[in-house]
1. If the Cβ limit is 8 Å and pairs must be 6+ apart or interchain, which residue in the stretch 93-122 that is over 22 Å from ALA157 (Cβ atoms) and of a type in the set (Gly, Ala, Ser) pairs with which residue that is at pLDDT below 90 and surrounded by fewer than 19 Cβ atoms within 10 Å (Cβ to Cβ)?
2. Mind counting the residues in the stretch 27-53 that are in contact with a helix residue (DSSP H, G or I) (Cβ under 9 Å, 6 or more places away or on another chain) and at pLDDT below 90?
3. Would you mind listing the strands (runs of 3 or more DSSP E) fully within the stretch 61-147 where at least 3 residues are buried (at least 22 other Cβ atoms within 10 Å of the Cβ) and not acidic (Asp, Glu)?
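The values are calculated or read from the model by the stated rules, or taken from the named source; none is laboratory data. In this text, all values refer to a predicted model and were calculated from it rather than measured experimentally. So basically every Cβ, Gly included, is an ideal-geometry build from the backbone, and we count neighbours across all protein chains shown.
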Amino acid sequence: MKARHEVGWARLLRHGGWRAFDATLRAVPTPFLRAALLRAGGARIGPDTLIMPGLRLENLDRHRGAAALSIGRDCWLGYDVHLDLAADVAVGDRVSVGSRAMFVTHLNVGYADHPLQERFPRETEGIEIGSGSFVAAGAILLPGTRLGPETFVAAGAVVRGEHPGRELLAGSPARRLRSWDGDAAPTPVARRSTAP
């Protein structure tokens, strides 16, 4: 079996244990019990943080397990959020993450002998989300993403790199559509009328 030869028995056993942890986490019925189970697994979860059903943890066997996850106080993670923990994921206070958002900390095309490995080598880097930020539904944060405070990531955006904060990011790849200083409120986003 190729996977056994490439990663070894010890990692395969760790993988099985963490998959069981992930399955248990997904079966827990309330947000507060989910947070408690994550804390028991080594994650740092702040008070009054709600984690909705469907949270998916990936690559717990590659780095530090659940200890790679840090979420501040008063946060909200929506339904079916996907967190890749091949590197650290740090989320500040009062951050909201929409349903089906993905935090991807590693990219790897496949086995060591995959024909694209030379052109696209494995990359692993953590993700940081500044306090007061919002990551909308379906957004994808790629390895090395660092968002400053009060960043708004639009639905479906694909974000990479460092962003200073107090800005609206949208698109694929995400671009800054507007920014604001710390004292001024952002200009509201224009909305289309749904009236006939």
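1. Final answer for the pair search is GLY110/GLN117; ALA112/GLU6.
2. 1
3. Details: elements: 69-71, 82-84, 89-91, 127-129.
By residue number, no strands (runs of 3 or more DSSP E) qualify.
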